Each structure stands twice: as structure tokens, then as C-alpha cells.
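The values are calculated or read from the model by the stated rules, or taken from the named source; none is laboratory data. On a predicted model such as this, the values are computed, not experimentally measured, just so you know. Ideal geometry is used to build each Cβ from the backbone, glycine not excepted, and the neighbour counts take in all protein chains shown. Ligands, DNA and RNA are stripped out before the accessible areas are found, and what is left, the full protein with its side chains, is counted by its heavy atoms. Shrake-Rupley method; radii C 1.70, N 1.55, O 1.52, S 1.80 Å.
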Amino acid sequence: MSLSSVLSADAIDSALKDCQAPDSFNPRKFFQLCGLTKKSPQEVKNVFNILDNDASGFIEEEELKFFLQRFSAGARVLTDKETKAFLSAADDDSDGKIGVDEFQAMVLS
């Protein structure tokens, strides 16, 4: 499964263009622009599984750095500041990684 099976290519492009500049990434705005906030909980879970590169059941800080590149290979890497802010915003139990329930809560809230 690929992200384009859940989200439209145009919406992904729009979301990526909005955060091209370093330190301009806002996860909630990105999820709105790419259309993920309008998807079902199962579709959000499917996207989580695609983003969970090592299939550990969590999106760790190292995977978050390359978050945008999972949407488009040519996208930039998140800055350390963006990565830490994203992790902090989604990691409700403070275990240093984002689980599927935390990801769904962030996207759909």
C-alpha cells in the first residue's frame, strides 16, 4: 500500500509545498492540507503503518526526520527542532515514540 492509495497526489503536493522552508512544518496543518484529517480511523491507521518504516508499531524520532520524504522522495528532511516539536505534540505517554493510537488522536482531533 502507498500513501497515494489513501491521499490524492495533488493534496500531498499542496501540503509539501506549504512546508518547504526549514522550520515551517506544522503537523496539524500538514494533515489538514494533505486531506488526512478527513479520512476514517482505519485509513489513518493505514497511513501510520506506511510511515512506520521499520514496522515496529511506533514512529520513532529517527523515522520522523524523514516524515516528508515518505510522502515524496524529493521532499526535505525535518529539522531537529521540527522533529522534536512533532514528537512532543503527538507523544502523549512520553515514551519517546508515537504509537498508532497517538497518531490517530493527533490527526483526527
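Restricting Asp54, Asp23, Asp13 to residues that are in a loop (DSSP other than H, G, I, E, B) and farther than 12 Å from Phe86 by Cα narrows the list to Asp54.
Could you look through region 68-77, keep only residues that are within 11 Å of the chain's Cα centre (by Cα) and farther than 17 Å from Gly57 by Cα, and pick out the one that is surrounded by the fewest Cβ atoms within 10 Å (Cβ to Cβ)? That would be Gln69. Given the condition closer than 20 Å to Gln20 by Cβ, assigned to a helix (DSSP H, G or I) and hydroxyl-bearing (Ser, Thr, Tyr), answer yes or no: does some residue in region 69-90 qualify? Scanning region 69-90 turns up at least one residue that is closer than 20 Å to Gln20 by Cβ, assigned to a helix (DSSP H, G or I) and hydroxyl-bearing (Ser, Thr, Tyr).
Against the conditions (1) over 16 Å from Val44 (Cα atoms); (2) open to solvent by 90 Å² or more (accessible area, probe 1.4 Å), Phe86 satisfies every one except (2). The residues of region 31-64 that are of a type in the set (S, T, N, Q), modelled with pLDDT of 95 or more and open to solvent by 60 Å² or more (accessible area, probe 1.4 Å), listed by number, are Gln32, Gln42, Asn49. A search for C-beta distances below 7 Å between a residue of region 82-101 that is within 11 Å of Glu60 (Cβ to Cβ) and any residue that is of a type in the set (Lys, Arg) and not in a loop (DSSP other than H, G, I, E, B), counting only pairs 6+ apart in sequence or on different chains, returns Thr83/Lys65; Asp91/Lys97. Cβ separations smaller than 8 Å between residues 6+ apart or across chains give the following pairs from region 18-39 residues that are free of Cβ contacts under 8 Å to residues at least 24 places away in the same chain and of a type outside the set (Phe, Trp, Tyr) to residues that are part of a loop (DSSP other than H, G, I, E, B) and open to solvent by less than 80 Å² (accessible area, probe 1.4 Å): Asp18/Ser24; Asn26/Cys19; Lys29/Cys19.
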